[in-house]
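Asks: Sharing a structure here in structure tokens format.
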Amino acid sequence: MTGVLFDGPDDDAADRNRPRLPGIAQVLITVKAAPQPSSTYRETVCIAGLRLDRDRLGWIRLYPINFRELDRSDQFPKYSIITVPVTPAPKDNRLESWNPNTSEIVVGEHLAPWKPRKTLIEPWIGGNTCDLIRAAHESSTAPSLALIRPADIGRLDVKPHPGWNEREQRIINEYTSQIPLFGPTDRRPLEPPRFTCTYRYRCQAPTCKGHDGTLIDWEAVTFQRRLKDLTDSEAIRAVRTRFLDEICAPGNDTCFYLGNQAKRRHIFSVLGLWYPKK
Ligand SMILES: [Zn+2]
């Protein structure tokens, strides 16, 4: 089944059993997840994409990256190709997880929508959520990133975000009260997203009973922030219009970039969306 999920253009390079060695990764950035408070890394984002170099073709997660550095310089627009020195993530045995040396990132070409992107991405669309979940229960090194084409997307639930929990808020308070000796000087508290957005969908598995996929795309959070002058019900309508009616329109080949949680490997969130016209 792993072979099905990673049936990329070059099976040799995509062999998941090869040892993971430090190297220079060339990555097409496809996903930027919303920043989360993290006790180890403070405020960080998960960035993921498709590794294009011969060392290890396939999906890659780059973590941690401090989101304020990114915010300021916008160095990593989606669908840019970057090169970055990487080492296997020390505390995360998911094979796709690597630590980037962010001070040495070189940002290269940015691919326009959609044709040049399709050439690289489309061979990697495949698999289904039911198989991903089953594999994650069976092995801690099962695929943790994928791009799947849902069989149908039933609805998008949009609910007010409950706010950071006590642990998250404590992390934020500690971070914002520190006087930075180096790194980003912007220490305004990280605000929680206004809403949680969850797709209810069925994957391609014939026996699929449906999945809830929480949308944690940074773009979705930024979109919500732009609606600050609207009431909750108006804003919820605007979010649904954009992320369900438009992006998941019948004329689009809508696919979900899925990624699992480090501590709960069987839970896959929607990290981002792929939606060229059919
Ligand atoms: Zn399923």
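Asks: Before we move on, is V4 open to solvent by 40 Å² or more (accessible area, probe 1.4 Å), among the β-branched types (V, I, T) and modelled with pLDDT of 80 or more?
Replies: No.
Asks: Something else now. Tell me which residues, restricted to region 136-182, are assigned to a helix (DSSP H, G or I) and modelled with pLDDT of 95 or more.
Replies: Answer for region 136-182, where residues must be assigned to a helix (DSSP H, G or I) and modelled with pLDDT of 95 or more: A136, H137, E138.
Asks: Could you tell me whether region 12-27 includes any residue that is under 17 Å from the mean Cα position of the chain (by Cα), modelled with pLDDT of 75 or more and closer than 20 Å to I125 by Cβ? Even if it seems obvious, please write down each step before you answer.
Replies: Within region 12-27, the subset under 17 Å from the mean Cα position of the chain (by Cα) is 27.
The next check asks that each one be modelled with pLDDT of 75 or more; those that pass are 27.
Of the ones still in play, those that are also closer than 20 Å to I125 by Cβ are 27.
Yes - at least one qualifying residue is present in region 12-27.
Asks: Inspect all residues belonging to region 127-135 and state whether any of them is on the phi > 0 side of the Ramachandran plot, crowded, with 16+ Cβ neighbours inside 10 Å, at pLDDT 95 or above and in a loop (DSSP other than H, G, I, E, B).
Replies: yes
Asks: Considering R155, R167, which residue is more than 15 Å from the ligand (Cβ to nearest atom), farther than 28 Å from I247 by Cα, open to solvent by 40 Å² or more (accessible area, probe 1.4 Å) and in contact (Cβ under 8 Å) with a residue 60 or more places away in the chain?
Replies: R167
Asks: Limited to region 193-237, what total is found for residues that are more than 25 Å from R264 (Cα to Cα) and either surrounded by 16 or more Cβ atoms within 10 Å (Cβ to Cβ) or touching a Pro at 6+ places or on another chain (Cβ under 8 Å) (or both)?
Replies: Summing the residues that are more than 25 Å from R264 (Cα to Cα) and either surrounded by 16 or more Cβ atoms within 10 Å (Cβ to Cβ) or touching a Pro at 6+ places or on another chain (Cβ under 8 Å) (or both) in region 193-237 gives 6.
Asks: Shifting gears a bit: Among residues belonging to region 229-247 that are touching a residue at least 12 places away in the same chain (Cβ under 8 Å) and of a type in the set (K, R), point out the one that is nearest to the ligand (Cβ to nearest atom).
Replies: R240
Asks: Would you be able to tell me the number of residues in region 108-121 that are surrounded by fewer than 16 Cβ atoms within 10 Å (Cβ to Cβ) and part of a helix (DSSP H, G or I)?
Replies: Taking region 108-121 and keeping what is surrounded by fewer than 16 Cβ atoms within 10 Å (Cβ to Cβ), we get 108-110, 112-113, 115-116, 118-119.
If we keep only those that are part of a helix (DSSP H, G or I) as well, we get 115-116, 118-119.
Of the residues in that region, 4 qualify.
Asks: So, of the residues in region 195-214 that are in contact with a helix residue (DSSP H, G or I) (Cβ under 7 Å, 6 or more places away or on another chain) and more than 16 Å from the ligand (Cβ to nearest atom), which turns out to be nearest to D253 (Cα to Cα)?
Replies: Here the residue is C197.
Asks: Six or more apart or on different chains, Cβ under 6 Å: which pairs go from a residue in region 121-145 that's away from the ligand (no atom under 13 Å from the Cβ) to one that's hydrophobic (A, V, I, L, M, F, W, C) and open to solvent by 30 Å² or more (accessible area, probe 1.4 Å)? Could you list them?
Replies: T141/L95
The values are calculated or read from the model by the stated rules, or taken from the named source; none is laboratory data. Just so we're clear, the structure is a prediction, and the values are computed from it rather than from any experiment. Glycine also receives a Cβ, built like all others from the backbone with ideal geometry; neighbour counts cover every protein chain displayed. Areas reflect the complete protein model, heavy atoms only, side chains present, ligands, DNA and RNA absent. Shrake-Rupley method; radii C 1.70, N 1.55, O 1.52, S 1.80 Å.
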